[in-house]
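Asks: Pasting a structure below so you can have a look.
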Amino acid sequence: MKTSTFLGLMSLNIIEFTHAGAISIKEDFASRNVNIKPRALPDAPSGYAPAHVTCPSSRPTIRPASALSSNETAWLQARRQKTESALKDFFGHVEIENFDAVSYIANHTGSDLPNVAIGISGGGLVACLNGGGVIKAFDERTEGSTAKGQLGGLLQSATYFAALSGGSWALGSIYVNNFTTVSNLQENLWDFNSEEIIYGPEKISHVEFWGNISADVKSKREAGFKTGDADFWGRIQGYNFFNASDGGVDYTWSSIAETESFQSGDIPMPLVVMTGNQQSTETLSTSPATYPIYETTPWEWGTYDDDIYGFAPLEYLGTRFVNGVVPDNETCVRGFDNAGFITGSSSDIWNENGEDILFYLEYILEQYEAAAPNSSMTAFLKTAVQDFENAASSTNSSIDGPAAYDPNPFYQYNTATSPYAQTTNLIVQDGGETSQNVPLYPLIQQKRNVDVIFAVDSLGSSSYDYWPTGSSLIATYNRTLLNVANDTSFPEIPDLDTFLNLGLNARPTFFGCNASQLTTPTPLVVYLPNHPITYSSNYSLTEGQFNNTQRDAIITNGYNVATQANGTLDADWSTCVGCAVLSRSLNRTGTTVPEACMKCFQRYCWNGTVDDETPAAYQPTPSLSAFAPANATSFSLLVSVS
């Protein structure tokens, strides 16, 4: 188990191991020269502060969640053409014995073809890196990823790409930076050598970093908008994950919809998930399953949950809506959807223990004042605390607590069902605080007709040394049984003891394989839990510092989880992934399932077996650490231990 005290105080051990077959860190950097440049646009009218603007002639409105938006429906037509071509390329190197998958794709069109989605979980910086490793394996631009048996092209074949919390840092970093590759992010941007992520990257001084952020947040408050932890947290993320001046201070999430590559359907739709909270609380409630689950697309922000059941145009978030319309005497607002604020909201877990960022800064300052009163870090923390407090000195409410989406776009909307219709602002927080740490909810909406979800789970609880246990899938399944779930469909998931006893958290597992046993159209879920293949990447949620060797080792292990160490653990793994992609399509078209796929499903599908005995302790070690053939790659890894 690896943990951080949040002070960055850690001891180090050097662990040596060798491996073969799996991708190595030294091999891992090459890519196809995709420059990191902004994909989203700096189109906010007034920097970080939202600004009042003249409404367009067709004034924005709240739409009901009874269907997909007209924007998404139109975009899907363009995206389908691109995924059809990508699937042919994918099955050009992912082979299924005695079955011509390329011809199958060519001979079918439209809704008969597979509809693929990817979701990467939360879990702090380790989730960003582990999820990034999986995406690297799925990206055809990664060198070697389109060789026989590799999985490159799965990203290009996907219609939807969802993330929450730490996973949204990876997604945001990819999309805001020209839909770049993870390899390029490793080489050119992802620098986590600083003592903690909240101190900023090493390329900027701590004092300048925090001073800029405080000034930005203060400008938002002085413009008349409430601020919270997510504003600071999002600006911190901008400097760490966006390759733009001033941490992308004027980059908006809605601007992604204005880019040519997205409009033409060249890239998947990004979906960022966050949750709501009770109207007047800032800590976790005893029944988080009923919290609203909000999703952010490039066009809109809202929820399909049956209480609010509505979506606001993202570009005009911050505008005062009443019963779904902008009153005649109101102006519109633009710039509220700062890209960092969106990922900051999705990862705003500071409230989990009823505290906020200021509380933690003051706590750290106390520790440093006691241990090193004259250190530069003590001086920085004093400045940071003062700047934080100064940013709160306006006429608006206290700066502490979760993100404030104020004004509430759903004010007086769906008053018969929504418990939030009479509150003027919405409390928004970390997307995993419903216990659903994998962003599955947008992907299991039956309106989206997703066939297969590659669900990347990076982190578990401290009770299991931070290894995933399947609890996120269990929580999602349980929520679909509640009334609030509203038109979702998810395969049955076993209980936690069964999950652990059968080792479903220690290898890839398919859920929902037999479509004939399902009463409604339900996606097949390919569960990819983080487990140690070449590295034990079970760092805690609060770990905020990794040297480059650690960073690359986590990414490499994620790559190896996705590819099962380039087929070293199972030579047929890429075939089985291909079968999962095709499964629902084969069922729709009445095509006989290939024998090779039947063998895959027997191997990877949960077959309904239950084992509710008390599970043994789960203490895995890297499965390839003992591999030492002549051509193995040897390297050292710095590992923090507690």
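The values are calculated or read from the model by the stated rules, or taken from the named source; none is laboratory data. Everything numeric here is computed off the predicted structure, so don't read it as measured data. Here Cβ is always computed from backbone atoms with ideal geometry, including for glycine, and neighbour counts include all displayed protein chains.
Asks: Which residues, taken from segment 411-464, are of a type in the set (Gly, Ala, Ser), farther than 18 Å from GLY344 by Cα and within 14 Å of the chain's Cα centre (by Cα)?
Replies: ALA455, SER458
Asks: Determine which single condition ALA117 fails, assuming it passes every other condition in (1) farther than 26 Å from ASP552 by Cβ; (2) in contact with a strand residue (DSSP E or B) (Cβ under 7 Å, 6 or more places away or on another chain); (3) part of a loop (DSSP other than H, G, I, E, B).
Replies: Of the numbered conditions (1) farther than 26 Å from ASP552 by Cβ; (2) in contact with a strand residue (DSSP E or B) (Cβ under 7 Å, 6 or more places away or on another chain); (3) part of a loop (DSSP other than H, G, I, E, B), the odd one out for ALA117 is (3).
Asks: Another one. Anything in segment 353-374 that is under 30 Å from ASN243 (Cα atoms) and either at pLDDT 80 or above or in a helix (DSSP H, G or I) (or both)? List them, or say none. I'd like the intermediate steps shown before the answer.
Replies: Restricting attention to segment 353-374, the residues satisfying the condition of being under 30 Å from ASN243 (Cα atoms) are 356-362, 364-365.
Those that are under 30 Å from ASN243 (Cα atoms) and either at pLDDT 80 or above or in a helix (DSSP H, G or I) (or both): ILE357, LEU358, PHE359, TYR360, LEU361, GLU362, ILE364, LEU365.
Asks: Moving on. With the checklist (1) in contact with a helix residue (DSSP H, G or I) (Cβ under 7 Å, 6 or more places away or on another chain); (2) surrounded by fewer than 24 Cβ atoms within 10 Å (Cβ to Cβ) in hand, flag the one item ASN548 doesn't pass.
Replies: All conditions are met except number (1).
Asks: So is ILE25 at pLDDT below 95 and either surrounded by 15 or more Cβ atoms within 10 Å (Cβ to Cβ) or among the polar types (S, T, N, Q) (or both) or not?
Replies: Working: at pLDDT below 95: yes; either surrounded by 15 or more Cβ atoms within 10 Å (Cβ to Cβ) or among the polar types (S, T, N, Q) (or both): yes.
It is true that ILE25 is at pLDDT below 95 and either surrounded by 15 or more Cβ atoms within 10 Å (Cβ to Cβ) or among the polar types (S, T, N, Q) (or both).
Asks: Could you list, in sequence order, the residues of segment 319-336 that are assigned to a loop (DSSP other than H, G, I, E, B), surrounded by fewer than 24 Cβ atoms within 10 Å (Cβ to Cβ) and of a type outside the set (S, T, N, Q)?
Replies: Of everything in segment 319-336, those that are assigned to a loop (DSSP other than H, G, I, E, B), surrounded by fewer than 24 Cβ atoms within 10 Å (Cβ to Cβ) and of a type outside the set (S, T, N, Q) turn out to be ARG320, GLY324, VAL326, PRO327, ASP328, GLU330.
Asks: Separate question: With respect to GLN422, is the statement that it is without any contact (Cβ under 8 Å) to a residue 12 or more places away in the chain and surrounded by fewer than 23 Cβ atoms within 10 Å (Cβ to Cβ) true? I'd like the intermediate steps shown before the answer.
Replies: Details: without any contact (Cβ under 8 Å) to a residue 12 or more places away in the chain: yes; surrounded by fewer than 23 Cβ atoms within 10 Å (Cβ to Cβ): yes.
Spelling it out, GLN422 is indeed without any contact (Cβ under 8 Å) to a residue 12 or more places away in the chain and surrounded by fewer than 23 Cβ atoms within 10 Å (Cβ to Cβ).
Asks: A further question on this structure: Does segment 37-46 contain any residue that is polar (S, T, N, Q), more than 26 Å from the chain's Cα centre (by Cα), more than 29 Å from ASP572 (Cα to Cα) and modelled with pLDDT of 95 or more?
Replies: So in segment 37-46, the residues polar (S, T, N, Q) come out as 46.
With more than 26 Å from the chain's Cα centre (by Cα) added as a condition, the list becomes 46.
Filter once more, so that each one left must be more than 29 Å from ASP572 (Cα to Cα): 46.
Narrowing further to those that are modelled with pLDDT of 95 or more: none.
Within segment 37-46, not a single residue is polar (S, T, N, Q), more than 26 Å from the chain's Cα centre (by Cα), more than 29 Å from ASP572 (Cα to Cα) and modelled with pLDDT of 95 or more.
Asks: Could you grab me the full set of residues in segment 450-467 that are closer than 19 Å to THR614 by Cβ and assigned to a loop (DSSP other than H, G, I, E, B)?
Replies: Step one: filter segment 450-467 for residues closer than 19 Å to THR614 by Cβ, giving 460-465, 467.
Within segment 450-467, GLY460, SER461, ASP465, TRP467 qualify.
Asks: Is segment 477-491 home to any residue that is of a type in the set (S, T, N, Q), closer than 24 Å to GLY608 by Cα, out of contact with any strand residue (DSSP E or B) (no Cβ under 8 Å at 6 or more places or on another chain) and without any contact (Cβ under 8 Å) to a residue 12 or more places away in the chain?
Replies: Taking segment 477-491 first, the residues of a type in the set (S, T, N, Q) are 478, 480, 483, 486, 488-489.
Filter again for closer than 24 Å to GLY608 by Cα, leaving 478, 480, 488-489.
Narrowing further to those that are out of contact with any strand residue (DSSP E or B) (no Cβ under 8 Å at 6 or more places or on another chain): 478, 489.
Filter once more, so that each one left must be without any contact (Cβ under 8 Å) to a residue 12 or more places away in the chain: none.
Within segment 477-491, none of the residues are of a type in the set (S, T, N, Q), closer than 24 Å to GLY608 by Cα, out of contact with any strand residue (DSSP E or B) (no Cβ under 8 Å at 6 or more places or on another chain) and without any contact (Cβ under 8 Å) to a residue 12 or more places away in the chain.
Asks: Which residue out of THR227, THR252, THR281 is crowded, with 24+ Cβ neighbours inside 10 Å, in contact with a strand residue (DSSP E or B) (Cβ under 9 Å, 6 or more places away or on another chain) and modelled with pLDDT under 95? Break it down stepwise before answering.
Replies: Numbers: THR252 fails: modelled with pLDDT under 95; THR281 fails: crowded, with 24+ Cβ neighbours inside 10 Å.
Exactly one residue qualifies, and that residue is THR227.
Asks: For the condition among the small types (Gly, Ala, Ser) and buried (at least 24 other Cβ atoms within 10 Å of the Cβ), what is the one hit in SER516, SER540, SER472, SER461? Before you say what the answer is, go through the steps one by one.
Replies: Working: SER516 fails: buried (at least 24 other Cβ atoms within 10 Å of the Cβ); SER540 fails: buried (at least 24 other Cβ atoms within 10 Å of the Cβ); SER461 fails: buried (at least 24 other Cβ atoms within 10 Å of the Cβ).
Only one candidate passes the filter, namely SER472.
Asks: Does ALA379 qualify as being more than 26 Å from the chain's Cα centre (by Cα), farther than 30 Å from ILE62 by Cα, modelled with pLDDT of 85 or more and part of a helix (DSSP H, G or I)? Give the derivation first.
Replies: Details: more than 26 Å from the chain's Cα centre (by Cα): yes; farther than 30 Å from ILE62 by Cα: yes; modelled with pLDDT of 85 or more: no; part of a helix (DSSP H, G or I): yes.
When the stated conditions are applied, ALA379 does not pass them.
Asks: Just for segment 155-179: of the residues that are in a loop (DSSP other than H, G, I, E, B) and surrounded by fewer than 24 Cβ atoms within 10 Å (Cβ to Cβ), which one is farthest from the chain's Cα centre (by Cα)? Steps first, answer last, please.
Replies: First, the residues of segment 155-179 that are in a loop (DSSP other than H, G, I, E, B): 165, 177-179.
Right, trim to surrounded by fewer than 24 Cβ atoms within 10 Å (Cβ to Cβ) and you get 178-179.
Details: ASN178: 18, PHE179: 15 Å.
Among residues in segment 155-179 that are in a loop (DSSP other than H, G, I, E, B) and surrounded by fewer than 24 Cβ atoms within 10 Å (Cβ to Cβ), the one farthest from the chain's Cα centre (by Cα) is ASN178.
Asks: For GLU260, work out the one condition from (1) modelled with pLDDT of 90 or more; (2) among the charged types (D, E, K, R); (3) over 19 Å from GLY335 (Cα atoms); (4) in contact with a helix residue (DSSP H, G or I) (Cβ under 9 Å, 6 or more places away or on another chain) it doesn't fulfil.
Replies: Tallying (1) modelled with pLDDT of 90 or more; (2) among the charged types (D, E, K, R); (3) over 19 Å from GLY335 (Cα atoms); (4) in contact with a helix residue (DSSP H, G or I) (Cβ under 9 Å, 6 or more places away or on another chain), GLU260 fails exactly one: (4).
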